[in-house]
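Each value in this text was obtained by applying a stated rule to the coordinates, not by laboratory testing. Note that the coordinates shown come from a computational prediction; the quantities given were computed from them, not determined experimentally. With ideal geometry, Cβ positions are generated from the backbone for all residues, glycine too; neighbour counts draw on all protein chains shown.
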Amino acid sequence: MTQKIDNILRESRAFPPSSDFKATAHVASIEQYQRLHKQSLEQPEVFWDGVAKELPWMKPYGQVLDWSEAPNARWFVDGKLNASAVCLDQHIEAGHGDKVAILWEGEPGDRKTFTYSEMLAAVCRFANALKARGIKKGDRIAIYMPMIPELAMAVLACARIGAIHSVVFGGFSAQALADRITDGGCIGVITSDGGWRRGKVLPLKHVVDAAVDLCGAHCPVHTVLTVKRTENETKWNAERDVWYHELLEQVDDVCEPEPMDSEDVLFLLYTSGSTGKPKGIMHTTGGYMVGAYLSTRHVFDLKADDVFWCTADVGWITGHSYVVYGPMANGATQVMYEGAPNAPTEGRFWELIERYKVSVFYTAPTAIRAFMKWGDQHVDGKDLSSLRLLGTVGEPINPEAWMWYRKKIGGERCPIVDTWWQTETGGIMISPLPGITETSPGCASLPFFGVDAAILDGDGNELGENEGGFLAIRKPWPSMLRGLWGDEERYRETYWSKWPGNIYFPGDGARRDEKGHFWILGRVDDVINVSGHRLSTMEVESALVSHDLVVEAAVVGRPDDLTGEAIVAFVIPAGSATQDASVVKTLKEHVAVEIGKLACPAEVRLTDALPKTRSGKIMRRLLRDIAAGREQKGDMSTIENPAILEQLRAADV
């Protein structure tokens, strides 16, 4: 029996772009899109050669694509370039050094502005500071920082000297950071004494110290370079720790960019996997930069006078591609903000849009749902007339939130680009093109250039209109991942083994409507999508079981109006299974310490047992039904202990 996915969502509302928007769009007709998309699939060498030549190559490539050892692709073979030079030097050389690159605001209200010339000088100093600590091409450097300008500088400084950066979200715990340092073999960590979040200082240097200690006696870290931000007290190891501002006094602002082979690794970025061990996604220089450059330009219809604001943290792939590399490769002016969207008030984002005259705004559905919950009064009275385009990222957006976003923030005049993509894809894969797409609430719309998307069943057969199935990508694309750090077998098994023929399986369900538009139905594996962040159930389970109070745990997701999905943990405690509020509180806090607050379960249900098959496999589909308050359906003949279902239903706290 072939596998399909049931789907019941049908949305008939549709909104074409205005004639004014369409008149100036980079892609202004469906015929133009169809011609270019067809060429990108049938003649990828011709299409991508035309795009790649817009970047400043240090050495021309000899071949656009080598797919002879699929699924290991080589793009722009033997070409050399440097990502920081793409983002900075070319704009100065073109006479745009005085253009503003970053308009930054801290949560307390402090502000800084950097032109492209100033960014280049700062990045060169940062790069020389890293070189002064013996860091060189190929070395791995972990970055654990708040959203301050030095974070973007650190990323570009690593790229400039050929060091491989591994940015870790500043909300992750010491253990999670240590795991990523160890797996990547990082010899240095760039951090800050702290960062501001909802009026409080997050002690980031303290977390780094704890992480390095957790790495053990053979920890490869020899340098912790620390930016002074919050002036909080920090411990100091004179042999390892260096103040950023002190090291800068010893270096100059000239650093020639390292020529990097197109297939040299630019960065590692860890994402959760269903086995529990985080996956070190590898992205290389040439293909990634070409993808980030083109997708930023076309999906956001970016113009020279736009003020672009992507609200993502650089600790996630969205921040890599659409805060640092994509916008800066295009020479954009962008806003960068340190704090939370509700600090000091729930109207903070709208104040920033008004102050900086933001024209393109890109945020997550979970944030949009929070804005709705906080109330329209925080939007009313704000001048959002500068906005001309809105975007969403991270998870499918429900139609109600989409409509609120369009009406309340976009004034019913701004197109919305609802983008689907992943850490693994490097850049946007399916999205409306705002000058041509008749958008519908919750619809990701059209495959981007070079993306051969299809809906397949479990046997690899292509499905018809409005049939739910598995999303598949049938051809390579430039910004695709190049593997998992140190684990070639897992790379092939995770992404390329579902169907024969080197077809990429992203792990999402989807359908394609009668217009050829794609609707994403969500994850089909055991990775929970909380506020746009993919978290492994196994990681959360491992954190719970590491506590002395826990014998066994199973974690599932349930629908949540605010975060998309919420984490529900079913736990067998070491003692009585009575629903003890103090035990629940302790376990939630434990997960927050072990992984980070974003992985903290919304619910913990204590139980004597878990529903298992006779072979001992936990029946997670039943747990998902219970967590969501649904009736348990489907075949339950293999369950070993059916009486446990009633106890689990009653344990809702």
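Give the span of region 115-261's Cα atoms along each principal axis, as three whole-Å numbers ordered largest to smallest.
36, 35, 26
Quick one: length gained pulling Asp548 to Asp49 fully straight, 0.36 nm per residue minus the C-alpha distance?
On the way: separation 499, 0.36 × 499 = 179.64 nm, distance 5.78 nm.
Result: 173.9 nm gained on full extension.
Taking every DSSP beta bridge with both residues inside the chain, roughly what % is antiparallel (nearest 5)?
60
Considering the options Pro344, Gly442, Leu41, tell which one lies farthest towards the positive end of the dipole of the chain, charges being +1 on Lys and Arg and -1 on Asp and Glu at the Cβ, about the Cα centre.
It is Gly442.
Tell me the net charge near Pro44. Cut-off is 12 Å between Cβ atoms, Pro44 excluded, with +1 for each Lys or Arg and -1 for each Asp or Glu.
Here the count lands on -3.
Just to verify a number: FRET efficiency for Arg474 and Leu598, C-beta to C-beta distance, R0 = 30 Å, to 0.05?
0.35
Express in whole angstrom the spacing between the alpha-carbon centres of region 213-264 and region 423-496.
Rounded to whole Å, the Cα centres lie 37 Å apart.
Evaluate the charge dipole of region 115-261 about its Cα centre and quote only its size in Debye, nearest 20, assuming +1 on the Cβ of each Lys and Arg and -1 on the Cβ of each Asp and Glu.
Values: 16 positive and 19 negative charges, 73 e Å.
Dipole about the Cα centre, nearest 20: 360 debye.
For Val254 and Glu646, calculate 0.36 nm times their separation in residues minus their Cα-Cα distance, and state this gained length in nm to one decimal.
Taking Val254 through Glu646 to full extension adds about 134.3 nm, to one decimal.
Search the structure for amide H atoms under 5 Å from the amide H of Arg140, placed 1.01 Å from N in the peptide plane, and list their residues when 5 or more places away or on another chain.
Those qualifying (amide H under 5 Å, at least 5 residues apart or on another chain) are Ile164, Ile187.
Quick one: grab the alpha carbon gyration tensor of region 194-243, order the square roots of its eigenvalues as a ≥ b ≥ c, and give me rounded if a/c is under 1.5, else prolate or oblate depending on whether a/b is larger than b/c. Walk me through the numbers before you get to the answer.
Details: a/c = 2.94, a/b = 1.78, b/c = 1.66.
Judged from the Cα gyration tensor, region 194-243 comes out prolate (a/c at least 1.5, a/b above b/c).
Using the Cα centre of the chain as the reference point, and only Cβ charges (+1 on K/R, -1 on D/E), how large is the resulting charge dipole? Debye, rounded to the nearest 20.
Computed about the Cα centre, the dipole is about 480 debye.
I'd like the FRET efficiency for Thr345 and Ala23, computed as 1/(1 + (r/R0)^6) with the beta carbon distance as r and R0 of 35 Å, rounded to 0.05.
The calculated FRET efficiency here is 0.40.
Which is farthest toward the positive dipole end of the chain among Ala609, Leu266, Ile409, measuring Cα position about the Cα centre, with Cβ charges +1 (Lys, Arg) and -1 (Asp, Glu)?
The one lying farthest along the dipole's positive direction is Ile409.
Rounded to the nearest angstrom and ordered from largest down, what semi-axes does the equivalent ellipsoid of the chain get from its C-alpha gyration tensor (root of 5λ)?
Each semi-axis is √(5λ); the values are 36, 31, 26 Å.
Aspartates and glutamates within cross-link reach of Lys382: Cα-Cα under 13 Å, excluding same-chain residues under 8 positions apart?
Filter leaves Glu346, Glu351, Glu354.
Counting other C-beta atoms within 10 Å, and keeping those with at most 11, which DSSP coil GluC sites (Glu not before Pro) do you find in region 246-332? Before the final figure, lay out each step's value.
On the way: sites: Glu246, Glu249, Glu263; in loops: Glu249, Glu263.
For GluC sites (Glu not before Pro) across region 246-332 that sit outside H, G, I, E and B with at most 11 neighbouring Cβ atoms in 10 Å, the list reads Glu249.
Hey, how many Å between the Cα centroid of region 64-109 and the Cα centroid of region 10-34?
28
If you take every residue apart from Lys80 with its C-beta less than 10 Å away from the C-beta of Lys80, what net charge results, scoring Lys and Arg +1 and Asp and Glu -1?
Net charge in that neighbourhood comes out at -3.
What are the principal axis extents of the Cα atoms in region 235-384, in Å, biggest first?
Cα spread of region 235-384 along its principal axes, largest to smallest: 51, 44, 43 Å.
Mind ordering 410-420, 328-338, 90-100, 346-356 by average Cβ neighbours within 10 Å, highest first?
So the order, starting with the most tightly packed, is 328-338, 410-420, 346-356, 90-100.
At what distance in nm do the modelled label points of Arg240 and Arg35 sit from each other, each positioned 7 Å from its Cα along Cα→Cβ?
6.0
Between rounded, prolate and oblate, where does region 265-327 land on the alpha carbon gyration tensor, with a ≥ b ≥ c its root eigenvalues, rounded for a/c under 1.5, else prolate if a/b exceeds b/c?
On the way: a/c = 2.97, a/b = 1.86, b/c = 1.59.
Judged from the Cα gyration tensor, region 265-327 comes out prolate (a/c at least 1.5, a/b above b/c).
All other residues with a Cβ under 10 Å from the Cβ of Thr563 taken together, and with Lys, Arg as +1 and Asp, Glu as -1, what is their net charge?
On the way: positive: Arg369; negative: Glu395, Asp560, Asp561, Glu565.
Result for the local shell: -3.
Which Cys in the chain stand alone, with every other cysteine's Cβ at 4.7 Å or more from theirs?
Unpaired cysteines in the chain: Cys87, Cys158, Cys186, Cys310, Cys414, Cys443, Cys600.
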